[in-house]
2 protein chains.
Amino acid sequence: MRVSLKDVALRAGVSIKTVSNVVNNYQHVTPAMRARVQQAIDELGYRPNMTARHLRKGRTGIIALALPELGNPYFAELAAAVIDAAAEHDYIVLLDHTGGRREQELLVSQGFRARVIDGLILSPLELQTEDLEGRTEPVPLVLLGERHYDLPYDHIAIDNVAAARAAVRHLLDLGRREVAFLGSRPRRNQPAELRVRGWREELAAAGLPADEGLVGATDGWGHEDGARAMARLLDAGRRPDAVFAYNDLVAIGAMRVLSERGLRVPEDVAVAGFDDVVEGRYGAVTLTSVSPDKAAIARMAVESVLSRLGGEPRPGGRPGGEPGGEQQPPRRLTAGFSLIERESTLGRASTPGR
Amino acid sequence: MRVSLKDVALRAGVSIKTVSNVVNNYQHVTPAMRARVQQAIDELGYRPNMTARHLRKGRTGIIALALPELGNPYFAELAAAVIDAAAEHDYIVLLDHTGGRREQELLVSQGFRARVIDGLILSPLELQTEDLEGRTEPVPLVLLGERHYDLPYDHIAIDNVAAARAAVRHLLDLGRREVAFLGSRPRRNQPAELRVRGWREELAAAGLPADEGLVGATDGWGHEDGARAMARLLDAGRRPDAVFAYNDLVAIGAMRVLSERGLRVPEDVAVAGFDDVVEGRYGAVTLTSVSPDKAAIARMAVESVLSRLGGEPRPGGRPGGEPGGEQQPPRRLTAGFSLIERESTLGRASTPGR
DNA sequence: GAGCGGGCTTGCAACGTTATACGGTTCCGG
DNA sequence: CCGGAACCGTATAACGTTGCAAGCCCGCTC
């Protein structure tokens with residue numbers, strides 16, 4: 001924070017702008033001049049002050065990513081993918097977590113946590129439509145995940161209903177008939193709605209009743225929640241022959257309880273999860289899971305948010321700005337998924353690769 | 001990025017500085033004036049431009065955290081702890097990952113990835129002492145993790161040797177005599193050194209030979225690496241009755257292989273890991289593990305790095321700055337740990353809580 | 001009623017950078 | 001040898017904010 005363009009200019013005996021031109025690799029600088037300036041730069045150990053550059057350019061090169069929690073490996077893995085996708089565009093990621101709490105999500109959406117960013121990628125759990133309607137924050141916002149909002153913001157997700165149906169279909173194809181769903185959230189505003197719906201639809205398509213007694217509610221979506229929901233179901237005297245869980249953590253928690261109760265996976269109960277986290281690939285029983293294309297989600301999210309800031313590259317820029325950008329209608333981008341079948345439904349004998 | 005102090009001042013009919021005073025809650029502003037300015041602020045929807053503020057103040061309110069990889073839940077959980085610790089001081093965290101590659105770690109340490117930060121917390125794996133010796137970057141750096149560098153930077157870690165000894169001691173107390181170590185890294189520069197040393201020392205203390213044939217080398221420290229190392233050991237005809245792994249992922253990978261080979265944990269082979277990641281608490285066999293105090297590590301790291309930037313709060317500030325700060329000698333801060341004993345050493349019968 | 005002190009408000013000058021507009025070279029063909 | 005067009009470098013003015021120091025005004029005191 002000490003040596004500035006001015007110092008370099010003084011030393012090299014040129015104007016500030018010339019030094020700036022050299023630093024920015026401006027085309028029309030004679031090699032001789034470039035060398036002379038570069039020498040002054042090296043001698044003084046000049047480093048550009050990014051803060052000043054950002055003030056001048058009106059961009060910071062930072063996007064924020066706000067996730068419910070990093071403890072869930074799905075989000076940790078997604079964060080890694082976003083960091084990489086952002087790096088592709090020379091962007092850096094500011095990370096925040098909301099705990100999935102509406103209050104905190106609201107704060108983040110309004111930029112009260114991070115106010116130095118060009119754009120925001122938010123993965124909400126409890127945020128309500130009305131929370132976002134009053135949003136005045138000028139930085140572009142892109143939403144991630146299962147929840148749909150009828151608002152002018154880009155949204156990126158996989159087809160949750162189709163993915164859930166594929167998982168349930170797989171369980172039914174194995175001959176299972178009592179398929180439980182673990183991880184709904186009845187009292188709240190149903191973030192798990194789409195996956196429950198997929199479960200319901202696929203059962204209906206198979207001519208089976210969607211037994212609401214087989215829906216296990218949870219408070220959160222961690223191991224503990226899955227374990228509790230599974231225990232509750234069993235304690236209620238239910239004995240499903242298959243479980244489709246809201247996510248992998250819930251599934252793993254459930255498997256733990258099944259094993260404690262002496263039930264074998266998959267012989268007695270087949271289990272399928274959602275997210276395809278690494279953790280599911282190395283348990284005693286590897287976990288069948290819906291695998292969202294995280295890299296695609298990350299890429300879409302970053303490109304989406306960056307495409308929205310074409311408007312005002314610099315403070316004094318022309319009002320119109322580049323053609324692309326912030327005036328496009330909101331988009332619903334759908335990333336792909338696949339169902340990875342592992343031991344928790346197939347059994348160990350026919351174990352495929354990891 | 002549109003309405004500035006100037007606009008608000010114009011509207012309220014006061015000077016720019018007065019608006020600034022209101023925004024910053026300066027003491028000597030009459031309530032009437034404050035109300036008038038506030039109204040103009042609300043009417044125009046003014047939001048302070050943080051970039052300009054930072055340029056002026058010489059601080060950004062951002063610290064960077066660079067970790068090997070987020071896919072490892074230990075680092076993900078640590079990141080969450082750092083975000084919270086930073087929030088306590090009104091700081092925001094810029095997250096980066098290095099893949100544990102020296103090249104990338106060097107880049108980060110020199111500030112080439114993120115250049116808008118007040119401080120940097122780096123958890124290196126392969127970085128060499130000489131890489132850091134030539135560091136000219138002016139922002140304070142704090143190092144995390146097992147590796148020790150004889151350099152003027154704060155370092156935060158748990159006592160790895162003692163922790164490893166505690167784990168091995170536990171295995172020996174159970175009557176095990178052939179304790180393998182999984183996760184050394186022979187060809188590289190031995191980041192696992194301290195934990196291997198702990199293993200060696202504790203065996204020596206028990207009067208047992210440290211059988212180098214029971215040290216399983218790995219390339220990385222993921223599940224896959226643990227699985228491979230375990231398989232290699234077994235394929236070589238070794239049959240240890242206990243395994244101490246460099247970290248939980250290696251331990252879990254090893255347990256998977258043990259189970260595939262028909263060996264029971266802990267009856268045939270007791271397993272202990274390191275990091276106490278959530279994942280280890282919900283497998284079919286819960287994992288005994290050294291549990292570093294992540295919250296303490298995060299808190300120490302944040303406070304450490306922030307304490308170093310007392311020097312130049314603002315560009316035009318007095319040269320001395322506040323008394324505290326950047327001239328203190330480097331510190332070695334040690335966080336606590338505990339050994340959490342679970343089924344992978346105790347067996348299921350006596351399962352304690354999670 | 002004048003002097004004075006203290007609380008409120010303001011103008012100015014940075015912070016370090018880039019954009020704009022312009023002045024000075026150089027180099028070519030006519 | 002000159003006119004003009006590239007071409008290269010410069011001076012100046014922002015970007016939005018805060019710190020400093022000075023100025024104003026009001027009420028209190030003697």
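Annotations
- Residues that are more than 8 Å from every other protein chain (Cβ to nearest Cβ) and open to solvent by less than 10 Å² (accessible area, probe 1.4 Å) within segment A:65-87 comprise A:L65, A:A66, A:L67, A:P68, A:N72, A:L78, A:V82, A:A86, listed in sequence order.
- Within segment A:309-326, being open to solvent by 30 Å² or more (accessible area, probe 1.4 Å) and either under 24 Å from the mean Cα position of the chain (by Cα) or modelled with pLDDT of 95 or more (or both) holds for one residue alone: A:E326.
- Residue in segment A:39-47 that is touching a Pro at 6+ places or on another chain (Cβ under 7 Å) and away from DNA strand D (no atom under 12 Å from the Cβ) present: no
- Of the set (1) open to solvent by 10 Å² or more (accessible area, probe 1.4 Å); (2) in a strand (DSSP E or B), all apply to B:V142 but (1).
- Against the numbered list (1) surrounded by 17 or more Cβ atoms within 10 Å (Cβ to Cβ); (2) free of Cβ contacts under 8 Å to residues at least 40 places away in the same chain; (3) out of contact with any strand residue (DSSP E or B) (no Cβ under 8 Å at 6 or more places or on another chain), B:R185 comes up short only at (3).
- Among the numbered conditions (1) under 24 Å from B:V139 (Cα atoms); (2) facing chain B (nearest Cβ under 8 Å); (3) modelled with pLDDT under 95, the only one that A:D90 does not meet is (2).
- For segment B:158-177, the count of residues that are assigned to a helix (DSSP H, G or I) and within 14 Å of another protein chain (Cβ to nearest Cβ) is zero.
- Members of segment A:1-13 found to be within 12 Å of DNA strand D (Cβ to nearest atom) and surrounded by fewer than 18 Cβ atoms within 10 Å (Cβ to Cβ), listed by number: A:K6, A:L10, A:G13
- Pair list, Cβ < 6 Å and 6+ apart or interchain, from segment A:36-59 residues that are within 11 Å of chain B (Cβ to nearest Cβ) to residues that are among the polar types (S, T, N, Q) and crowded, with 19+ Cβ neighbours inside 10 Å: A:H54/A:T60; A:H54/B:T51; A:L55/B:T51
- Flag if B:A32 is within 16 Å of DNA strand C (Cβ to nearest atom), open to solvent by 60 Å² or more (accessible area, probe 1.4 Å) and either of a type in the set (G, A, S) or within 11 Å of chain A (Cβ to nearest Cβ) (or both): yes
- Unmet requirement for B:A163, which otherwise passes all of (1) open to solvent by 50 Å² or more (accessible area, probe 1.4 Å); (2) in contact with a Phe, Trp or Tyr (Cβ under 9 Å, 6 or more places away or on another chain); (3) touching a residue at least 12 places away in the same chain (Cβ under 8 Å): (1)
- Condition met for B:R113 (over 30 Å from B:G273 (Cα atoms), away from DNA strand D (no atom under 16 Å from the Cβ) and either in the same structural domain as B:I252 (by TED's automatic domain parsing) or open to solvent by 20 Å² or more (accessible area, probe 1.4 Å) (or both)): yes
- Flag for A:G100 being open to solvent by less than 10 Å² (accessible area, probe 1.4 Å), over 26 Å from A:E212 (Cβ atoms) and in a loop (DSSP other than H, G, I, E, B): no
- Condition check for A:I121: modelled with pLDDT of 95 or more, more than 12 Å from every other protein chain (Cβ to nearest Cβ) and either away from DNA strand C (no atom under 16 Å from the Cβ) or surrounded by fewer than 19 Cβ atoms within 10 Å (Cβ to Cβ) (or both): yes
- Filtering segment B:205-212 for residues that are surrounded by fewer than 22 Cβ atoms within 10 Å (Cβ to Cβ), out of contact with any Pro (no Cβ under 9 Å at 6 or more places or on another chain) and in contact (Cβ under 8 Å) with a residue 60 or more places away in the chain leaves an empty set.
- Test: A:R200 is closer than 16 Å to A:R256 by Cβ and open to solvent by 30 Å² or more (accessible area, probe 1.4 Å): no
- In the set A:S291, A:S259, only one residue is polar (S, T, N, Q), open to solvent by 10 Å² or more (accessible area, probe 1.4 Å) and at pLDDT below 95; that residue is A:S259.
The values are calculated or read from the model by the stated rules, or taken from the named source; none is laboratory data. Here the structure is a predicted model, which means the values were calculated and not measured. We place every Cβ from the backbone using ideal geometry, glycine too, and count neighbours over all the protein chains shown. Please note that ligands, DNA and RNA were not included when accessible areas were found on the heavy atoms of the full protein model with its side chains. Shrake-Rupley method; radii C 1.70, N 1.55, O 1.52, S 1.80 Å.
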